Amino acid sequence: MNSVKLEIITPSKRFYRGDVDLVIVTTLEGDEGFMAGHMWACKLLEVGELWIQEHDAGPDTWRVAAVAGGFIEVKDSIVIYTDAVEWSEDIDMERVLSEKAKAEDWLVHNEETASEKDIELARRALAKAETRTNVAEGGKRH
């Protein structure tokens, strides 16, 4: 299988750079996979899981990370731009559970009176916490 160069960039650093056979992300349309030779594309990403099949790894070996939205640009290489991303092994579950509880509590007590923007921010925080929980547990593909 041909490989393609993947870079994952956040505002503060280059999170990842390597040759991959396949990248799966959650776009606005759902989960989509990209590989070498894919048609050029630029897609918005939802909060979700990022699955990477590295070129040197076996066909059943995946790296999984939590991504806080952003976009993916596919040309001769693949670049993912996101505000935040973290590998499954780096997720602090105590912090995730605290953030999830805060978002759920805020929604219960404020959803009827808050602005649409504030409600969307709380729902996004909840989605991030749920995604990070799934990724820490090995991802929803497992």
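Some notes on this structure:
- Cα gyration tensor category, rounded, prolate or oblate, for the stretch 46-124 with a/c compared to 1.5: oblate
- Convex hull volume of the C-alpha atoms in the chain, normalised per residue: 114 Å³.
- 222 nm mean residue ellipticity, helices alone, for the chain (DSSP H n ≥ 4; -39,500 (n - 2.57); rounded to 500): -9500 deg cm²/dmol
- With all protein chains modelled, accessible area of ARG124 [1.4 Å, Å²]: 80 Å²
- One chain, two ends: GLU94 and VAL108. Fully extended at 0.36 nm per residue, the span grows by 2.9 nm beyond their Cα-Cα distance.
- Ranked by the mean number of other Cβ atoms within 10 Å of their residues, highest first, the peptides 95-103, 77-85 come out as 77-85, 95-103.
- If you take the Cα centroid of the stretch 48-76 and the Cα centroid of the stretch 77-142, the two points sit 19 Å apart.
- For the chain, the relative contact order works out to 21 percent when only alpha carbon pairs closer than 8 Å and six or more residues apart are counted.
- Note on the stretch 13-142: with charges restricted to the Cβ of Lys and Arg (+1) and Asp and Glu (-1), its dipole about the Cα centre is near 260 debye.
- Computed FRET value (nearest 0.05) for TRP87 with ASN2, which takes r as the C-beta separation and R₀ as 25 Å: 0.50
- The stretch 13-61 shape via C-alpha gyration tensor axes, a/c threshold 1.5: prolate
The values are calculated or read from the model by the stated rules, or taken from the named source; none is laboratory data. Given the structure is predicted, the values throughout are model-derived calculations rather than measurements. Note that each Cβ is placed from the backbone with ideal geometry, even for glycine, and that neighbours are counted across all protein chains shown. Areas reflect the complete protein model, heavy atoms only, side chains present, ligands, DNA and RNA absent. Shrake-Rupley method; radii C 1.70, N 1.55, O 1.52, S 1.80 Å.
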